[in-house]
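To start, the structure itself, in structure tokens.
The values are calculated or read from the model by the stated rules, or taken from the named source; none is laboratory data. Note that this is a predicted model, so its numbers are computed, not measured. Note that each Cβ is placed from the backbone with ideal geometry, even for glycine, and that neighbours are counted across all protein chains shown. Protein only, heavy atoms only, side chains kept; ligands, DNA and RNA dropped before computing areas. Shrake-Rupley method; radii C 1.70, N 1.55, O 1.52, S 1.80 Å.
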Amino acid sequence: MRLTALAILSGIALAMMTGPAAAQWRPYISHPLGFAFAAPGPLKVEKGTYEAPVAGRHDTLVYAFIDDNIEYKVIVIDVGDKANEAATILGEAQYQFQNGKRQLMDAFGRVDRQYGRKLTVDLPNNAGRSTGAFYFVNGRIVSLQATVLPANGDYETPEMGRFIDSITFFTVRAADEAIELPPPE
């Protein structure tokens with residue numbers, strides 16, 4: 001009995017020591033873009049440019065988060081003008097993600113009837129490890145990317161998978177308290 005009580009108290013103490021260091025994960029949703037996901041840390045919205053030989057040059061919308069030296073990004077690239085080349089455009093985005101990096105994992109999958117691909121790569125010059133998932137939905141490439149930086153060093157952390165696997169394209173599956181993302185302009 002004493003051993004069980006000691007084990008329970010030790011578990012509670014350990015949970016209390018590790019709990020405050022981790023940021024709270026929050027659900028996010030974009031009704032106009034048609035997806036939802038979960039991420040930790042404060043939200044930063046960025047605009048960027050995606051350029052590739054076949055796809056050409058396109059504006060991007062990036063929802064970025066950072067927590068515990070792990071960068072989380074949801075990148076949305078509107079390539080509606082190239083929708084007839086969806087497979088090629090998606091393959092090109094995946095290729096650019098892994099090009100010049102040591103590939104550790106390459107898997108096909110499906111989320112809510114949307115086929116996609118997940119890749120894990122080691123970044124050059126020991127700059128970290130990154131996992132990315134890529135989907136072509138409604139004329140857009142939607143990519144979730146999580147990068148563990150060397151300052152964190154836990155390249156096997158389950159947090160990357162937690163982020164990548166949180167995507168849903170059925171917005172009714174989003175948590176009731178999901179935060180609406182700023183709409184694309």
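For the stretch 82-88, just list the computed ³J(HN,Hα) in residue order, Karplus coefficients 6.51, -1.76 and 1.60, θ = phi - 60°, integers in Hz, with x standing in for Gly and Pro.
3J(HN,Hα) across the stretch 82-88, in whole Hz: 10, 4, 5, 10, 3, 4, 5.
Provide Rg over Rh for the stretch 73-135; use the alpha carbon set for both Rg and the Kirkwood Rh (inverse mean inverse pair distance).
Numbers: Rg = 12.6 Å, Rh = 12.7 Å.
For the stretch 73-135, the value is 0.99.
By the scheme Lys and Arg +1, Asp and Glu -1, what is the net charge of all other residues having a beta-carbon under 10 Å from that of Asp122? Could the numbers behind the result be given before it?
Details: positive: Lys101, Arg102, Arg129; negative: none.
That works out to +3.
Defining a contact as two alpha carbons under 8 Å apart and six or more residues distant in sequence, what relative contact order in percent does the chain show?
On the way: 350 pairs, mean separation 44.1, N = 185.
Here the relative contact order equals 24 percent.
Could you compute the net charge surrounding Val62? Neighbours are other residues with a C-beta less than 9 Å from the C-beta of Val62; K and R count +1, D and E count -1. Display every interim value, and only then the final one.
On the way: positive: Lys44, Lys47, Lys73; negative: Glu46.
My count for the surroundings of Val62 gives +2.
Percent antiparallel among DSSP beta bridges with both residues in the chain, to the nearest 5? Before the final figure, lay out the partial values.
Working: 58 of 60 bridges.
Looking only at bridges with both residues in the chain, the antiparallel portion is about 95 percent.
In the neighborhood of Leu149, defined by Cβ-to-Cβ distances under 10 Å, what is the net charge if each Lys or Arg adds +1 and each Asp or Glu adds -1?
On the way: positive: Arg129; negative: Asp68, Glu71.
Residues close to Leu149 contribute a combined charge of -1.
Which of the lysines could a cross-linker span from Lys118 if the Cα-Cα distance has to be under 23 Å and same-chain partners fewer than 8 positions apart are dropped?
Here the lysines satisfying the reach criterion relative to Lys118 are Lys73, Lys82, Lys101.
What is the packing order of peptides 130-138, 173-181, taking the mean over residues of other C-beta atoms within 10 Å and listing the highest first?
Sorting 130-138, 173-181 by mean packing, highest first, produces 130-138, 173-181.
Computing the accessible area with a 1.4 Å probe over protein heavy atoms, can you report the carbon and sulfur percentage for the chain? Intermediate values should be presented prior to the final figure.
Values: 5620 of 10460 Å².
That share works out to 54 percent.
Counting Lys and Arg as +1 and Asp and Glu as -1, each charge on the Cβ, what is the dipole of the chain about the Cα centre in debye, to the nearest 20?
Details: 17 positive and 21 negative charges, 76 e Å.
That gives the chain a dipole magnitude of about 360 debye.
Could you rank the peptides 162-171, 91-100, 140-149 by their average count of other C-beta atoms within 10 Å per residue, with the highest value first?
140-149, 162-171, 91-100
Could you check what % of the DSSP bridge pairs in the stretch 76-168 are antiparallel, to the nearest 5? Walk me through the numbers before you get to the answer.
Numbers: 28 of 28 bridges.
Around 100 percent of the beta bridges assigned by DSSP in the stretch 76-168 are antiparallel ones.
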